[in-house]
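Visitor: Would you mind keeping the following structure in view while I ask a few things?
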Amino acid sequence: MNMTIPGRNLDTAQWQELDRLHHVHPFTDSKALNRKGSRIITRADGVYVWDSDGRRILDGMAGLWCVNIGYGRKELARVAYEQMQELPYYNIFFQTSHPPATDLAALLSEVTPAHLNHVFFTNSGSEANDTVVRLVRRYWDIKGKPARTVIISRENAYHGSTMAGASLGGMKPMHRQGGLPIPDIEHIMQPYWYALGEGLTPEEFGLRAARALEERIEHLGPERVAAFIGEPIQGAGGVIVPPETYWPEIVRICRKYDILLVVDEVICGFGRTGKWFGSDYYGLEPDLMSIAKGLSSGYLPIGGVMLSDAVADVLIEKGGEFQHGFTYSGHPACCAVAAANVRILRDERIIERAEQETVPYLQSRIREFETHPLVGEVRGVGMLGALQLAKNKDTRLMFDPPGDVGSLCRDHCTANDLIMRAVGDSMIVSPPLVISRSEIDELIDKAARALDLTARDLGIS
Ligand SMILES: *Cc1c(COP(=O)(O)O)cnc(C)c1O
């Protein structure tokens, strides 16, 4: 049988019609989308994607923050093809393993912080964080402290979309759909200085936001608290870069109360901050670390949880059977592609080169928008940036209701063949790490045009 990939046989209107009839999209108002029709993306190369009308679009978001090595790396396609011929599937339950999973596990222990030398494989970031909940509670159970069940997270955090992932996350609209959070998940304030830090310097506010953790632990009773989880930099919440004082204080509090520090590196991992991990950027030594996205640069779905030596020792030496796993944990093709991706990042020194050359360039260029009348704050680290739009930049007055102006600006970007994301009224960029200086120039020019058109629509100049 001669099978081929779909895509070349129908035109845009035909794909849109099938999509409308049969496809329910994630995080989408389907009725609104069906009215205008979805944009059909058919191929990609480097930092660009092409739609079914042949338009070339600069992907300022690296897909969903994940295509770190850029599109079109044929090595990854070849590895997937060869692995699927050799061993398309076998599981790693029940006393078996296979070379791709074992190879990737060993490779991850090399590239992640030194004390993280074990991995549990999942298929996504959400499943990684579900695994975190089970691992954390199992850990304290084995240690003879089963009352330690509460995991403390932050408002406006994003940790995925499964029941546990969405519960750990602090997105209220997600909680409202489906009776979340699940029990024993608590949320404290986020370190979002621009929105919440009125009257305080960023340094003062960073300490204040971190001390909300200590207050909550004292309120709940330290004997009930199992772990704290946080993204080094909140991604989907709007690229919220915490003040310098925040993480050291969080670490101090976790150590003081002997609670586990879980770092969700699903976005920050694999080079997004200009270091290999957000933990390297902030000097953190997490007990558990969630990974996904950049692990495979999105070429195939895979995630995992890295365990510190201390946690692995408890779980492995004293825990007996861990009753948890997924049919596709450590899928051979996904592991082989992820390992090839990590080796390309390492051997081509993609992260180090970005840190030295293009990261400083992107960060300085986005800061040119600080003088734009619509922009209240520019934030960013590594290949992450946010332009916080504000109604009055001098008084830090935000738009009300939030989100409409961001959406308007996003639509101007889209019309101009640039993908930027609007989170409320923050305009986000998170391009592939391989973006060049001239491609950054193109991104900045297009973003500037979108901002100007948005200002014009609002009658601001
Ligand atoms: C995307 C994301 C997740 C969820 O990952 P999925 O692969 O979409 O399940 C979890 N945590 C963070 C920080 C993320 O950005």
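Visitor: Might you let me know whether region 140-153 holds any residue that is crowded, with 23+ Cβ neighbours inside 10 Å and of a type in the set (S, T, N, Q)?
Guide: Scanning region 140-153, I find at least one residue that is crowded, with 23+ Cβ neighbours inside 10 Å and of a type in the set (S, T, N, Q), so the answer is yes.
Visitor: What are the residues in region 210-236 that are farther than 18 Å from residue 185 by Cα and of a type in the set (Gly, Ala, Ser), if any?
Guide: 235, 236
Residue-by-condition table, conditions (1) closer than 27 Å to residue 331 by Cα; (2) within 16 Å of the ligand (Cβ to nearest atom); (3) at pLDDT 95 or above; (4) β-branched (Val, Ile, Thr):
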residue: 21; (1), (2), (3), (4): no, no, yes, no
residue: 26; (1), (2), (3), (4): yes, yes, yes, no
residue: 34; (1), (2), (3), (4): no, no, no, no
residue: 42; (1), (2), (3), (4): yes, no, yes, yes
residue: 48; (1), (2), (3), (4): no, no, yes, no
residue: 66; (1), (2), (3), (4): yes, yes, yes, no
residue: 76; (1), (2), (3), (4): yes, no, yes, no
residue: 79; (1), (2), (3), (4): yes, no, yes, yes
residue: 83; (1), (2), (3), (4): yes, no, yes, no
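Visitor: Which residue pairs have Cβ atoms under 6 Å apart, sit 6 or more places apart or on different chains, and have a first residue in region 261-288 that is more than 28 Å from residue 138 (Cβ to Cβ) and polar (S, T, N, Q) and a second that is within 15 Å of the ligand (Cβ to nearest atom) and outside any strand (DSSP E or B)?
Guide: From residues that are more than 28 Å from residue 138 (Cβ to Cβ) and polar (S, T, N, Q), the pairs are 273/281; 273/382.
Visitor: Kindly indicate whether residue 58 is closer than 30 Å to residue 445 by Cα and touching a residue at least 40 places away in the same chain (Cβ under 8 Å). Before the answer, list the steps.
Guide: Values: closer than 30 Å to residue 445 by Cα: yes; touching a residue at least 40 places away in the same chain (Cβ under 8 Å): yes.
Yes, satisfied.
One line per residue, one yes/no per condition, for (1) acidic (Asp, Glu); (2) in a loop (DSSP other than H, G, I, E, B); (3) more than 19 Å from residue 136 (Cα to Cα):
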residue: 175; (1), (2), (3): no, no, yes
residue: 198; (1), (2), (3): yes, yes, yes
residue: 207; (1), (2), (3): no, no, yes
residue: 210; (1), (2), (3): no, no, yes
residue: 217; (1), (2), (3): no, no, no
residue: 228; (1), (2), (3): no, no, no
residue: 236; (1), (2), (3): no, yes, yes
residue: 243; (1), (2), (3): no, yes, yes
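Residue-wise test of (1) part of a helix (DSSP H, G or I); (2) buried (at least 20 other Cβ atoms within 10 Å of the Cβ).
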position: 284; (1), (2): no, yes
position: 294; (1), (2): yes, yes
position: 313; (1), (2): yes, no
position: 317; (1), (2): yes, no
position: 320; (1), (2): no, no
position: 324; (1), (2): no, no
position: 341; (1), (2): yes, yes
position: 345; (1), (2): yes, yes
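Visitor: Which ones in region 38-79 are within 22 Å of residue 423 (Cα to Cα) and of a type in the set (Gly, Ala, Ser)?
Guide: Of everything in region 38-79, those that are within 22 Å of residue 423 (Cα to Cα) and of a type in the set (Gly, Ala, Ser) turn out to be 38, 60, 62, 63.
Visitor: Right, here's the next one. Would you say residue 315 is more than 15 Å from residue 268 (Cα to Cα), away from the ligand (no atom under 16 Å from the Cβ) and at pLDDT 95 or above?
Guide: On the way: more than 15 Å from residue 268 (Cα to Cα): yes; away from the ligand (no atom under 16 Å from the Cβ): yes; at pLDDT 95 or above: yes.
Yes: the conditions hold for residue 315.
Visitor: In region 149-184, which residues are among the hydroxyl-bearing types (Ser, Thr, Tyr) and either more than 11 Å from the ligand (Cβ to nearest atom) or touching a residue at least 40 places away in the same chain (Cβ under 8 Å) (or both)? If you could, list the steps in order and put the result at the bottom.
Guide: Of the residues in region 149-184, the ones among the hydroxyl-bearing types (Ser, Thr, Tyr) are 149, 153, 158, 161-162, 167.
Within region 149-184, 149, 153, 158, 161, 167 qualify.
Visitor: Scanning for something in contact (Cβ under 8 Å) with a residue 24 or more places away in the chain, within 15 Å of the ligand (Cβ to nearest atom), farther than 19 Å from residue 148 by Cβ and buried (at least 23 other Cβ atoms within 10 Å of the Cβ), does region 198-218 turn up at least one residue?
Guide: no
Visitor: Would you confirm whether or not region 430-448 contains a residue that is in contact with a strand residue (DSSP E or B) (Cβ under 6 Å, 6 or more places away or on another chain) and part of a strand (DSSP E or B)?
Guide: No, that holds for no residue.
Visitor: Output the residues belonging to region 221-238 that are touching a strand residue (DSSP E or B) at 6+ places or on another chain (Cβ under 6 Å) and more than 11 Å from the ligand (Cβ to nearest atom).
Guide: Within region 221-238, 224, 225, 226, 227, 228, 238 meet the criteria.
Visitor: For residue 130, state whether it is among the acidic types (Asp, Glu), part of a helix (DSSP H, G or I), under 19 Å from the mean Cα position of the chain (by Cα) and in the same structural domain as residue 269 (by TED's automatic domain parsing). Show your work before the answer.
Guide: Values: among the acidic types (Asp, Glu): yes; part of a helix (DSSP H, G or I): yes; under 19 Å from the mean Cα position of the chain (by Cα): yes; in the same structural domain as residue 269 (by TED's automatic domain parsing): yes.
In short, yes.
Visitor: Among the residues in region 146-163, are any farther than 30 Å from residue 320 by Cβ, acidic (Asp, Glu), part of a helix (DSSP H, G or I) and in the same structural domain as residue 265 (by TED's automatic domain parsing)? Let's see the steps before the verdict.
Guide: Step one: of region 146-163, the residues farther than 30 Å from residue 320 by Cβ are 154-158, 161.
Then drop every residue that is not acidic (Asp, Glu), which leaves 155.
Filter once more, so that each one left must be part of a helix (DSSP H, G or I): none.
Among the residues of region 146-163, not one is farther than 30 Å from residue 320 by Cβ, acidic (Asp, Glu), part of a helix (DSSP H, G or I) and in the same structural domain as residue 265 (by TED's automatic domain parsing), which makes the answer no.
Visitor: Test each condition in (1) within 16 Å of the ligand (Cβ to nearest atom); (2) among the hydroxyl-bearing types (Ser, Thr, Tyr); (3) out of contact with any His (no Cβ under 8 Å at 6 or more places or on another chain) for residue 290 and report the one that comes out false.
Guide: Result: residue 290 passes all but (3).
Visitor: Right, another one. Could you please give the count of residues in region 382-404 that are surrounded by 21 or more Cβ atoms within 10 Å (Cβ to Cβ) and in a strand (DSSP E or B)?
Guide: Of the residues in region 382-404, 6 are surrounded by 21 or more Cβ atoms within 10 Å (Cβ to Cβ) and in a strand (DSSP E or B).
Visitor: Picking from 334, 413, 409, which residue would you name as being closer than 30 Å to residue 52 by Cβ and touching a Pro at 6+ places or on another chain (Cβ under 8 Å)? Outline the logic, then answer.
Guide: On the way: 413 fails: touching a Pro at 6+ places or on another chain (Cβ under 8 Å); 409 fails: touching a Pro at 6+ places or on another chain (Cβ under 8 Å).
Answer to the selection: 334.
The values are calculated or read from the model by the stated rules, or taken from the named source; none is laboratory data. What you see is a predicted model; the values in this text were computed from it and never measured. Note that each Cβ is placed from the backbone with ideal geometry, even for glycine, and that neighbours are counted across all protein chains shown.
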